[in-house]
Structure formats: C-alpha cells, structure tokens
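The values are calculated or read from the model by the stated rules, or taken from the named source; none is laboratory data. This is a predicted model, so every value here is computed, not measured. Note that we place each Cβ from the backbone using ideal geometry, even for glycine, and neighbour counts take in every protein chain shown. Heavy atoms of the whole protein, side chains included, go into the accessibility calculation; ligands, DNA and RNA do not. Shrake-Rupley method; radii C 1.70, N 1.55, O 1.52, S 1.80 Å.
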Amino acid sequence: MLKPAELVEVDGAEKLTLNARRVFNLLLHNAHGPDMAIPHKRFAIPLALLKFSHSGNERLAQAIKSLMRTIVTIRFSDRVELVPLLGRTTISDRRNDRGCLTYEFDPAMVELLRDSQIFAKLQLDVIHAVSSKYALALYEIVAKRARLSYVRSETFGIDQFRTMLGVEAGRLDTYSNLLKFAIKPAFDEVNRLAEFHVAFEPVKVGRKVGAIKVAWALKDAEAQKLAYAALHGAPAPSQGLLSFDEPNISER
C-alpha cells in the first residue's frame with residue numbers, strides 16, 4: 001500500500017493500539033484512488049478484512065471508535081494542522097463475517113490526502129505480521145525513507161523518537177526501559193520481516209542519551225528471501241551472516 005508521508009509521523013496517535021493502527025492503514029489502502037479526494041465520499045470494506053488474529057467485531061468496533069476520537073497534529077513547513085483520523089462510520093451486520101464497514105474521512109483529512117505528493121510504500125504482509133505498535137511505527141518511519149537515493153541515516157531527538165514510535169506520555173520514561181521494551185524489540189522485528197535492514201545508535205548529550213541515529217539499507221535478494229520466509233512461514237534458505245553497509249551504526 002501507499003501511505004501519504006504526512007500520516008507516517010504525527011503527534012496525537014500515541015494511544016492507538018496496534019489493532020487500530022492496522023485498521024487505519026487498511027482503510028487508507030481500501031480508499032486509495034481518485035475518489036479519496038472527494039469530500040464526504042463514503043467507502044465500504046468487508047469486516048472480515050479488518051480483523052486480525054481472530055479478533056472479534058467488538059475489538060474492531062473499539063478500534064474504529066478510537067480512530068474517530070483521535071485528532072493528530074501534522075506539521076508542515078508553514079503551518080500546523082489538527083486533523084481527525086476518521087470521520088463518520090457505519091457498521092452493518094456486525095455479528096457475522098458478512099458485515100461491512102462504510103466510512104468517510106473528515107474534509108480536512110481529504111484536503112491533506114488530495115495534496116500529498118510523497119508516499120511511504122508499505123507491504124501489507126508486514127503490517128499484518130508485526131506484533132507491536134512500536135514495530136509497526138518503526139517500519140513506517142523507515143519505509144518512508146528507505147528508497148531515498150542519497151540518504152541512509154537520520155538522527156531524531158529522543159523525545160521526538162518516543163512520539164514517533166507511539167510511546168504514551170508517562171510510559172517507558174527512562175532510556176533503559178525505552179530501549180528494552182520499545183526500541184530493541186521493534187528493530188529486531190523490523191529487521192526480521194521488512195525488505196530493508198535497519199539499525200540504531202544512541203547519541204549522548206552529556207551523560208544522557210539525547211537522540212537516536214537510525215540507519216537503513218535495502219536488503220539483497222538472499223536477505224529478502226529470509227524476510228519472505230519469516231512472513232509466510234516457509235523454510236528459510238540457508239545463508240551466511242547479513243552485512244550492513246552503514247559501518248558506524250550498531251544495533252546497541
């Protein structure tokens with residue numbers, strides 16, 4: 001799927017669960033096309049396509065409500081936009097798998113989507129396979145940048161990176177907890193499943209970690225076979241250790 005770059009890194013989505021984030025991506029994917037630029041255009045998608053890991057319709061309804069309540073801050077060079085993630089929705093026949101979700105985006109979101117010119121290319125298999133919202137957020141962050149010709153790394157302030165990963169205020173306050181429960185598991189999972197390698201290095205300001213440097217590189221054919229095997233449960237082809245062409249960046 002193609003996701004507008006403006007929606008990859010937003011403030012205000014920290015409370016969204018992994019399930020809600022997956023649902024929102026699939027709603028965007030389902031609506032993608034010229035009709036997305038039409039204000040109050042309604043789109044329909046079967047409920048069965050929006051449920052993950054045998055989650056029921058009640059969990060789906062909770063995800064939809066959280067998306068409708070979430071207002072995100074999107075920062076441009078000349079302005080800041082406050083935009084609801086999802087507009088009016090209708091769930092029909094919610095008690096069986098033949099039900100349907102009909103939805104629309106808020107007019108402010110439609111305007112943003114219409115004007116977007118940069119997109120992150122995401123694999124739906126990876127969106128389905130990741131096991132945490134931190135891993136999904138990291139995957140989107142790097143997917144937005146992975147195909148840039150001359151950019152292989154970027155440094156983010158630690159508070160900025162926490163928000164980008166979707167860490168809620170008051171949680172994982174220390175860097176050691178952030179590293180143990182969010183950063184390291186997310187990088188491990190993205191490296192296993194995605195079409196690119198990703199690594200990080202803490203940047204200290206004085207005696208504290210003040211920033212995170214993130215580097216990436218597209219995988220070669222053999223490494224992509226390993227990722228495919230991890231996604232689809234196929235036997236992994238044998239190969240030697242993977243190399244990463246950003247020698248100054250380590251995983252620790």
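Numerical summary
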| item | result |
| --- | --- |
| Signed unit charges on C-beta, dipole axis of the chain, positive-most listed residue A227, F200, L179 | L179 |
| Cα-centred dipole magnitude for the chain, charges only on beta-carbon of K, R (+1) and D, E (-1), debye, nearest 20 | 520 |
| Between segment 1-55 and segment 117-175, the Cα center-to-center distance that results, in Å | 17 |
| Full-extension gain in nm, I71 to R147, via 0.36 nm per residue minus C-alpha separation | 24.4 nm |
| Contact order relative to length of the chain, as percent, for alpha carbon pairs under 8 angstrom and 6 or more apart | 19 |
| Charge dipole magnitude, Cβ of K and R +1, D and E -1 - segment 1-109, Cα centre, debye nearest 20 | 440 |
| Dipole of segment 1-116, positive end: most advanced residue of T17, A5, G33 [Cβ charges, Cα centre] | T17 |
| Solvent-accessible area per residue, Å², over segment 66-225 with all protein chains present [probe radius 1.4 Å] | 52 |
| Dimensions (Å) - the chain, Cα atoms, principal axes, largest first | 52, 47, 35 |
| Assigned charges on the beta-carbon of Lys, Arg, Asp, Glu; segment 62-155 dipole about Cα centre (debye) | 220 |
| Long-range amide H partners of D11 with built H, under 5 Å | T73 |
| Heavy-atom accessible surface of segment 61-203: percent carbon and sulfur, 1.4 Å | 48 |
